[in-house]
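A short reminder: the numbers here are calculations on the coordinates, not readings from a lab. Every value quoted in this text rests on a predicted model; they were computed, and no experiment measured them. All Cβ positions, glycine included, derive from the backbone under ideal geometry; neighbour counts span all protein chains shown.
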Amino acid sequence: MDFSSPAFWAALGSIIWVNILLSGDNAVVIALAARSLPPQQQKKAIFWGSAAAIVMRIGLTIVAAQMLRWPFLKIVGGLALLYIGVDLLLDDDEGGSQGAEDGQGGMLAAVRTILVADLVMSLDNVLAVAAAANGDVPLLVIGLAVSIPLIIFGSTLLLRVMERFPLIVTAGAALLGFLAGEMLLTDPAVVREFGELPHAVVNTAGAIGAALVVGIGMALQRRAAAKQRTE
């Protein structure tokens, strides 16, 4: 690894740029997971969630090419994303007061949500990062580490916007549902059985996933609200 080589800096720039471009949906999840915490814990959850996710992504990137060939992995990941999307909508309905009462446990739960969602959504993204690193693990580590402050900044900015425009929370949950629908139809087991499906079909599955998350989440919100009124 030659720090004076133009190739090194070009590869490093590529890793950072690719990671930023592909981490927009991850920033949404980080902001969604942290929004119900009290203000003093939000920054901690964003920092530790982002840092832990990057460390996990480094390990995932090293073995990504093999993992993405495993059948049913994306199907499991897509189902996990559907659950996370609905769960984040329910958290929004409960409001920030519960996050304040949960204290440290609430922050740990937020970090856990960030890690699980980042793991699921990074399955495809890490291939591009791995290609940019071209097998150079130290270069990969440096590039992803430099990306941490940028992801944290994006998540913090989104969190502030969500506080002013709560509808963005629903849009963020819908995004998770869309990604889940896409993952379900691009799993190697599905491709092996039906062949590579057209983009229109995959996008339709994404739209159905988004509608499912929002529909189920809102139905559970109304159910919880009705239960509170009767108590």
1/(1 + (r/R0)^6) with r = Cβ-Cβ of LEU157 and ALA52, R0 = 22 Å, i.e. FRET efficiency to nearest 0.05, evaluates to 0.60
Separation between the LEU150 and ARG164 pseudo-spin-labels, each 7 Å from Cα along Cα→Cβ, expressed in nm?
2.4 nm
Highest mean first, what order results for 173-186, 153-166, 209-222 on Cβ atoms within 10 Å?
173-186, 209-222, 153-166
Assuming 0.36 nm per residue, please report the length gained on full extension of the stretch MET218 to LYS44 beyond their Cα-Cα distance.
59.7 nm
With the dipole of segment 134-231 worked out from charges on the C-beta (+1 for Lys and Arg, -1 for Asp and Glu) around the Cα centre, which of ILE208, LEU220, ILE152 lies farthest toward the positive end?
LEU220
How long is the gain from VAL191 to ARG229 if the chain were fully straight, where each residue apart is worth 0.36 nm and the alpha carbon distance is subtracted?
8.9 nm
